[in-house]
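Contents: one structure, followed by commentary.
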């Protein structure tokens, strides 16, 4: 299965779009979809989501770096270089095999970046992501 992740990042008035393609494995448990893949560093990544929440898990050796995006809620995570970061998920839409969200990262209530993330997955040749 193919996975396409497009992330539009706006920091200090500068915008960058990052597009990533991966081979992934898809499974479902307890009403949630799981997409597992390896990032360019060879680390296992898991995206777990339903219609209200996305959890991004990056396994770094013995540790896991976890970010949670919850529809219309603030969440937070700890970053080793930046400390405690708040995620303000402003938009969250799951439609079929496509998840779109808009969020802002804040440090001490000060915005540090605006993001628009799109995740889509499927088989090649079926009108879905192509690798």
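The values are calculated or read from the model by the stated rules, or taken from the named source; none is laboratory data. It should be emphasised that the depicted structure is a prediction, and the values quoted were computed from it without experimental measurement. Every residue, glycine as well, gets a Cβ built from its backbone with ideal geometry; the counts of neighbours run over all protein chains shown.
When you go through (1) exposed (fewer than 15 other Cβ atoms within 10 Å of the Cβ); (2) within 22 Å of residue 1 (Cβ to Cβ) one by one for residue 76, which number turns out not to apply?
Evaluating residue 76 over (1) exposed (fewer than 15 other Cβ atoms within 10 Å of the Cβ); (2) within 22 Å of residue 1 (Cβ to Cβ) leaves (2) as the failure.
Return yes or no: is residue 35 over 25 Å from residue 78 (Cα atoms) and either in contact with a strand residue (DSSP E or B) (Cβ under 9 Å, 6 or more places away or on another chain) or in a strand (DSSP E or B) (or both)? Explain how you work it out, then say what you get.
Details: over 25 Å from residue 78 (Cα atoms): no; either in contact with a strand residue (DSSP E or B) (Cβ under 9 Å, 6 or more places away or on another chain) or in a strand (DSSP E or B) (or both): yes.
No; evaluated as a whole, the condition is false for this residue.
Is it true that residue 119 is in contact with a strand residue (DSSP E or B) (Cβ under 9 Å, 6 or more places away or on another chain) and within 15 Å of residue 6 (Cα to Cα)?
yes
Can you name the residue in the stretch 23-52 that is touching a residue at least 24 places away in the same chain (Cβ under 8 Å) and surrounded by 14 or more Cβ atoms within 10 Å (Cβ to Cβ) and, of all such residues, is nearest to the chain's Cα centre (by Cα)?
47
If a residue has to be within 22 Å of residue 6 (Cβ to Cβ) and in contact with a strand residue (DSSP E or B) (Cβ under 8 Å, 6 or more places away or on another chain) to count, how many in the stretch 41-66 make the cut?
So the count comes out to 18.
Does the stretch 26-36 include one or more residues that are within 24 Å of residue 113 (Cα to Cα) and modelled with pLDDT of 95 or more?
Keep residues of the stretch 26-36 that are within 24 Å of residue 113 (Cα to Cα), which gives none.
No, because not a single residue in the stretch 26-36 is within 24 Å of residue 113 (Cα to Cα) and modelled with pLDDT of 95 or more.
Sort through 18, 87 and tell me the only one that's under 23 Å from residue 123 (Cα atoms) and modelled with pLDDT of 95 or more.
Numbers: 87 fails: under 23 Å from residue 123 (Cα atoms).
Checking each option against the conditions leaves just 18.
Go through the stretch 91-100 and count every residue that is loosely packed, with under 15 Cβ neighbours inside 10 Å and modelled with pLDDT of 95 or more.
Residues flagged as loosely packed, with under 15 Cβ neighbours inside 10 Å and modelled with pLDDT of 95 or more within the stretch 91-100 amount to 3.
Is there a residue in the stretch 71-82 that is under 15 Å from the mean Cα position of the chain (by Cα), assigned to a strand (DSSP E or B), at pLDDT 95 or above and over 20 Å from residue 113 (Cβ atoms)?
no
Please specify each residue of the stretch 1-32 satisfying the condition of being over 26 Å from residue 106 (Cβ atoms) and in a strand (DSSP E or B).
2, 3, 4, 21, 22, 23, 25, 26, 27, 28, 29, 32
Only residues in the stretch 1-12 that are touching a residue at least 40 places away in the same chain (Cβ under 8 Å) and at negative phi count as the first member; pair them with residues that are surrounded by fewer than 16 Cβ atoms within 10 Å (Cβ to Cβ) and in a loop (DSSP other than H, G, I, E, B), Cβ under 6 angstrom, at least 6 apart or cross-chain, and list the lot.
What qualifies is 2/124; 2/131.
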